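The values are calculated or read from the model by the stated rules, or taken from the named source; none is laboratory data. Computed from a predicted model, the values in this text were never measured in an experiment. With ideal geometry, Cβ positions are generated from the backbone for all residues, glycine too; neighbour counts draw on all protein chains shown. The accessibility values were calculated without ligands, DNA or RNA, using every heavy atom of the protein model including side chains. Shrake-Rupley method; radii C 1.70, N 1.55, O 1.52, S 1.80 Å.
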Amino acid sequence: MADKAKIGTMWLGGCSGCHLSIADFHESLLDVLELAEFEFSPVLMDTKYDEVPELDVLIVEGGIRNDENRELAEMLNEKAKFIICYGTCACYGGIPGLGNLFTVDELEEEAYINSLSTVNPDKIIPNEEVPHLESRVRPLEDVMDIDLMVPGCPPRSDVVAQAVVALLKGETIELPTTNLCEVCPREKPPEGLAMDFIKRQFEVGAPEKDLCLISQGLVCMGPATVSLCGAECPSIAIQCRGCYGPTAKVLDQGAKMVSAIASDYGIDEDKTVDPEEVANQLDDIVGTFYTYTLPAALVPAKMQKGGK
Amino acid sequence: MAEDIKIVMFCCNWCSYGGADTAGTARMQYPPNIRVIRVMCSGRIDPQFVLKAFKEGADGVFVAGCHMGDCHYDAGNYKLDRRMRLLYKLVEDMGIGKERLYHDWISASEGEKFSESVKMMVNRIKELGPAHLKDQLEVEG
Ligand code: SF4
Ligand code: SF4
Ligand code: SF4
Ligand code: FES
């Protein structure tokens, strides 16, 4: 048998959840290990940054949050032949990306001084020997040459294991391009996905069993989300929060949802419904529609005073 | 510089763009800070268009469509109206400020309204000054 492929995994601005999903390959791990060997993985084994081997495949979790992330990403970009951008943080910035609504100073003050669980009477913000935050979170592709994007927070282990095995065998990998509604088992009303009111899940209680959640007043990100997970959440009566990011046709997941929700809101009374009604019921637009993708949005960060 | 401000304006083909034509034929004066993009119907304005304009350096965005009841596709402007209400909140939350975004209804015969609205918007944005979003996003690191 030919030499085994050398695989590496790396974490940058993520939470390590994506690595757990790799650890969760279960028996598929055996299939992977038959074709490949893990040669570098600071999360799972003892590795040194100054002794990184040449790699055939590198799986990277997390986006670029600080200057250390950038440095390591640039270094690894030279070491790996095929780079998998792994998980929503790497692909779109992910939840840490909501930090882009604040300045670096605000974030540091919150983390080191104001947060309730922090005791820091001298109000010291560490700035030596620690990585410095960059002005905003950026998706990985700003720094690395990406060969394959596998979003998900975290990506489904079974889907990824299959993809990695296919990749190692030299087969082409095709990830779905349709939106979640296409694969969601819930029944779509014939008049389309329209809402007459917007409620939080606790206000509705258990939603009706088989009906689309949007038509029951719950904001479901299905229309703007790629169908990679197989509609896991709507299948168990929880609205999709968009954790796999947009379909390839959508530039900006949040903007697409703004359009999807607002356009058809109160469609039965299209011409008489108060146009403010929909906006009045949604307080946290960014938090609702950009939970996972703000750094990859058209406007990826809050404009600071004067923008300077 | 306040003189260099740029406003992207989306006009629907059937009414607001006609309004711009009427203003032009009647030689009504309005400041040159506006760049008009024609779309078939205001209902075609995707929130992505508005955000892209800001990302690319627009200091303000103005969306205009037919008056309620006059949309040539029946109800495109009603849908746009609802979308805009959410967009005002979004651009406010993104620090751009809701004042930099505006929408109104202008018919093909309302050349006067067209030029007055453009003047109003240009003055408003001049007072706010340029939006430095593009500069901010270009900062490295
Ligand atoms: S995508 Fe989700 S699971 Fe993966 S690193 Fe980011 S937050 Fe963690
Ligand atoms: S429940 Fe969500 S994913 Fe399913 S059809 Fe409705 S909007 Fe789409
Ligand atoms: S349904 Fe939505 S939130 Fe749930 S796993 Fe799939 S993409 Fe993520
Ligand atoms: S055609 Fe003018 S708004 Fe629809």
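How far is the Cα center of region A:46-83 from the Cα center of region A:122-199, in Å? Answer, in whole Å: 19. Other residues whose C-beta falls under 13 angstrom from the C-beta of A:His26 contribute a net charge of -3, scoring Lys and Arg +1 and Asp and Glu -1.
With a length cut of 18 Å (Cα positions projected on each helix's long axis) and a Kyte-Doolittle mean of at least 0.5, go through chain B and give me the DSSP H helices that pass. Taking the DSSP H segments of chain B (at least 18 Å long, mean hydropathy at least 0.5), we get none.
Based on the Cβ-Cβ distance from B:Ala75 to A:Asn114, what FRET efficiency comes out when R0 is 51 Å, to the nearest 0.05? Working shown, then result.
Numbers: r = 48 Å, r/R0 = 0.94.
Efficiency for this residue pair is about 0.60.
For every other residue with a beta carbon closer than 9 angstrom to the beta carbon of B:Phe54, add +1 if it is Lys or Arg and -1 if Asp or Glu, then tell me the sum.
Numbers: positive: B:Lys52, B:Lys55, B:Arg100, B:Lys134; negative: B:Glu56, B:Asp59.
Charge balance near B:Phe54 sits at +2.
Per-residue surface analysis assigns A:Cys18 an accessible area of about 20 Å², computed on protein heavy atoms at 1.4 Å probe radius.
Among A:Pro126, A:Pro223, A:Pro176, the residue with the largest mean-square fluctuation in a Gaussian network model of chain A, with springs joining Cα atoms closer than 10 Å, is A:Pro126. Accessible surface for A:Thr177 stands near 90 Å², nearest 10, in the context of the full protein assembly shown (1.4 Å probe).
Dividing the radius of gyration of the alpha carbons in region B:47-123 by their Kirkwood radius gives 0.98 for Rg/Rh. Checking every one of the GluC sites (Glu not before Pro) in region A:96-197 against DSSP loop status and a limit of 14 other Cβ atoms within 10 Å picks out A:Glu128, A:Glu129, A:Glu171, A:Glu174, A:Glu191.
Restricting the calculation to alpha carbons of chain B gives Rg and Dmax of 14.8, 51 angstrom.
Coupling constants for region A:131-143 follow from the phi torsions by the Karplus curve (6.51 cos²θ - 1.76 cosθ + 1.60, θ = phi - 60°), and in residue order they are x, 9, 5, 7, 4, 7, 6, 10, x, 4, 5, 5, 10 Hz; glycine and proline get x.
Let me make sure I get this right: for region A:34-88, a, b and c are the square roots of the gyration tensor eigenvalues over alpha carbons, sorted descending. Under 1.5 in a/c it's rounded, otherwise prolate if a/b > b/c, else oblate. Which is it?
Numbers: a/c = 1.58, a/b = 1.33, b/c = 1.18.
Prolate is the answer for region A:34-88, as a/c is 1.5 or above and a/b outweighs b/c.
Estimated at the nearest 10 Å², the accessible area of B:Tyr30 is 80 Å² with a 1.4 Å probe. The largest accessible area among A:Asp142, A:Asp46 belongs to the first residue in A:Asp46, A:Asp142, and the rest follow in falling order (1.4 Å probe, all chains).
Spin-label pair B:Arg27-B:His67: with each label point 7 Å from Cα along the Cα-Cβ axis, the two points sit 2.8 nm from one another.
Would you mind checking region B:124-141 for residues with the amide N under 11 Å from a putative spin-label position 7 Å along Cα→C-beta of A:Leu251? What the label zone holds, given the 11 Å backbone N cut-off, is no residue at all. Across the protein chains, with a 1.4 Å probe defining accessible surface, the residues A:Cys85, A:Cys243 rank A:Cys243, A:Cys85 from largest area downward. Placing a label point 7 Å from the Cα of B:Glu140 along the Cα-to-Cβ direction, the residues of region A:59-100 whose backbone N falls under 19 Å from that point are A:64-78. Extension gain, A:Tyr49 to A:Ile236, is 63.1 nm, computed as 0.36 nm per intervening residue step minus the present C-alpha separation. Adding -39500 (n - 2.57) for every DSSP H run of four residues or longer, then dividing by how many residues chain A holds, sets the calculated 222 nm ellipticity at -7000 deg cm²/dmol.
Length available on full extension from A:Val183 to A:Asp274: 0.36 nm per residue minus the Cα-Cα distance, which gives 29.5 nm.
In terms of the Cα gyration tensor, with a ≥ b ≥ c the square roots of its eigenvalues, is the protein assembly as shown rounded because a/c is under 1.5, prolate because a/b exceeds b/c, or oblate? Don't jump to the answer; show the numbers that get you there.
Working: a/c = 2.11, a/b = 1.56, b/c = 1.35.
Prolate, since a/c reaches 1.5 and a/b exceeds b/c.
Bridge orientation summary for the protein assembly as shown: considering DSSP beta bridges with both residues in this region, about 10 percent are antiparallel.
Each label was represented as a point 7 Å from its Cα along the Cα-to-Cβ direction; for A:Ala166 and A:Gln201 these points are 3.0 nm apart.
Of the residues B:Ile125, B:Val50, B:Asn33, the one whose Cα sits farthest towards the positive end of the charge dipole of chain B is B:Val50 (charges of +1 on Lys and Arg Cβ, -1 on Asp and Glu Cβ, taken about the Cα centre). Computed on protein heavy atoms with a 1.4 Å probe, the accessible areas place A:His19, B:His67 in the order B:His67, A:His19, largest first.
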